[in-house]
């Protein structure tokens, strides 16, 4: 039995490392959930080899069943990307920014929801809570379009890496709970 543990443990640890790298390289959230579930199963096998069956059972139950279910429910609920558009209408910068955002949303299978004329005193504003707006696009200077989003958002990090190749787009990050308009 000891010989089996000496052979299997490095294999399982190698698979764990490969799964961890794969989770970091994927762009699809559903794929991430399945990879994390597989990671949890491999960790459970390692716990069995270390003679900890109780920990292994807990890992299988929580890491391979309950957490993936919670993630899948959470992912299925988040299907829209709400953008407050404060750019002047019909300008070339607006068209280019909205095209970029539409491509971004298509890549991550999100529905782009544009909100254009949101007044703070308007009754319709009460429908939107401050945290429901994912991004604010505006122009403070003639040729610079600013994308403002929350620093902790994964989508903001992905969008920031996407707009780095554009000279006239810049990213401005705000803290969670902070709101500008």
With respect to the numbered conditions (1) surrounded by 14 or more Cβ atoms within 10 Å (Cβ to Cβ); (2) not in a helix (DSSP H, G or I), which one is the sole condition not fulfilled by residue 27?
-> (1)
State yes or no: is residue 87 assigned by TED's automatic domain parsing to the domain that holds residue 109, in contact (Cβ under 8 Å) with a residue 24 or more places away in the chain and more than 25 Å from the chain's Cα centre (by Cα)?
-> yes
Quick one: which helices (runs of 4 or more DSSP H) lie wholly within region 51-128 and hold at least 1 residues that are closer than 16 Å to residue 148 by Cα and modelled with pLDDT under 90?
-> 92-107
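The values are calculated or read from the model by the stated rules, or taken from the named source; none is laboratory data. What you are looking at is a predicted structure, and each value in this text was computed from that prediction instead of being measured. Every residue, glycine as well, gets a Cβ built from its backbone with ideal geometry; the counts of neighbours run over all protein chains shown.
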